[in-house]
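The values are calculated or read from the model by the stated rules, or taken from the named source; none is laboratory data. Because the structure is predicted, anything quoted here is derived from the model rather than measured. We place every Cβ from the backbone using ideal geometry, glycine too, and count neighbours over all the protein chains shown. What goes into the accessible areas is simple: the full protein's heavy atoms, side chains included, and nothing from ligands, DNA or RNA. Shrake-Rupley method; radii C 1.70, N 1.55, O 1.52, S 1.80 Å.
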2 protein chains.
Amino acid sequence: MVTPRKPPHTPDPTGFNVYARECPARMVLDRIGDKWALLVLDRLRRDTARFNVIRRDIGGISQKVLSQVLKNLERDGLVLRTVHATVPVAVTYSLTPLGETLTQAAASLIHWAESHMAQIQHAQRLYDDRLANASL
Amino acid sequence: MVTPRKPPHTPDPTGFNVYARECPARMVLDRIGDKWALLVLDRLRRDTARFNVIRRDIGGISQKVLSQVLKNLERDGLVLRTVHATVPVAVTYSLTPLGETLTQAAASLIHWAESHMAQIQHAQRLYDDRLANASL
DNA sequence: TTCACCTGGTTTCATATTGAAACCAGGTTT
DNA sequence: AAACCTGGTTTCAATATGAAACCAGGTGAA
């Protein structure tokens, strides 16, 4: 018999629960729980920017991935894509109000990564050394 | 000429900057900016748990991925792996103090995903309908 | 006008990463 | 003995990624 287990966390009042395999919130987490999406959202938090500006600001992102990430974020209603009828045309990306509600959380994660880097590198050295010694 | 651009955000006081390609903080973001890692950390926020308990609580995670994620989190000093010398042996995973400092941010992201699901699904429907109409 | 480079992408392809599933050694229960 | 638990590793096919080429169109200098 499968023992009923208490749920791992209190489901959100809206009824979604990311712990459930079939929950649509999983798809959202797939999207925003992603290195590039977090960086793009955090970049747009500062200001509206054009495609190639974002690309240059986020070192190492490829055009393909950036266009995919932006397309997905636009579909999710987090980012607004605006084509300006100038000559030549310019395309800018900005956060929607919904996107702005997300960036606080995204920024926390990024800031955490930066401010705890040293501790993590230290932990990694300890771990690797222990492994090396264990295999002697 | 390459116009010097103001940096996309204020670098962290520790000197790390996730926007730089070569920054070690990128490796951290690679690790924690990941759906499964976020879910595992959030699960462990509730309490210490054994391997197969975590696996069952997080619907859909494979054994391989879970063991990889846990191994990485352990190496980063975020999760503590304890082998209990019982018969049979039990292995439990818990958050380290460092890991606990991260879970607040992780939980925010997960909670955001749950509480804004409906809005995102709505945006997706609008987007898809617009696309469908445009291609008529 | 031609060369070179900008724009915002898409396509191609080789190489990771992932997920599903099998497998493993050991132990417990029936 | 058969079946299931433990905590994983291995295998393999499908998928995602990154680097690079390519594209159409525009700009600016020689």
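Figures for the structure shown
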quantity: Tally, over the range A:76-109, of residues that are out of contact with any Gly (no Cβ under 8 Å at 6 or more places or on another chain) and closer than 23 Å to B:GLN104 by Cβ; calculated: 10
quantity: Residue ID - modelled with the lowest pLDDT, chosen from residues in the range A:95-117 that are β-branched (Val, Ile, Thr) and touching a helix residue (DSSP H, G or I) at 6+ places or on another chain (Cβ under 6 Å); calculated: A:ILE110
quantity: Residue tally, condition at pLDDT below 90 and either crowded, with 18+ Cβ neighbours inside 10 Å or assigned to a helix (DSSP H, G or I) (or both), over the range A:35-60; calculated: 1
quantity: Residue match in the range B:82-100 (condition: crowded, with 20+ Cβ neighbours inside 10 Å and within 16 Å of DNA strand D (Cβ to nearest atom)); calculated: yes
quantity: Residue check, A:VAL79 more than 7 Å from every other protein chain (Cβ to nearest Cβ) and open to solvent by less than 20 Å² (accessible area, probe 1.4 Å); calculated: yes
quantity: Condition met for A:ARG31 (surrounded by fewer than 19 Cβ atoms within 10 Å (Cβ to Cβ), touching a residue at least 12 places away in the same chain (Cβ under 8 Å), within 10 Å of chain B (Cβ to nearest Cβ) and out of contact with any Ser or Thr (no Cβ under 8 Å at 6 or more places or on another chain)); calculated: yes
quantity: In the range B:61-106, the residues that are assigned to a strand (DSSP E or B) and over 21 Å from A:GLY33 (Cβ atoms); calculated: B:LEU80, B:ARG81, B:THR82, B:VAL83, B:HIS84, B:ALA90, B:VAL91, B:THR92, B:SER94
quantity: Subset of the range B:63-75 [open to solvent by less than 50 Å² (accessible area, probe 1.4 Å), within 11 Å of DNA strand D (Cβ to nearest atom) and not acidic (Asp, Glu)]; calculated: B:VAL65, B:LEU66, B:SER67, B:VAL69, B:LEU70
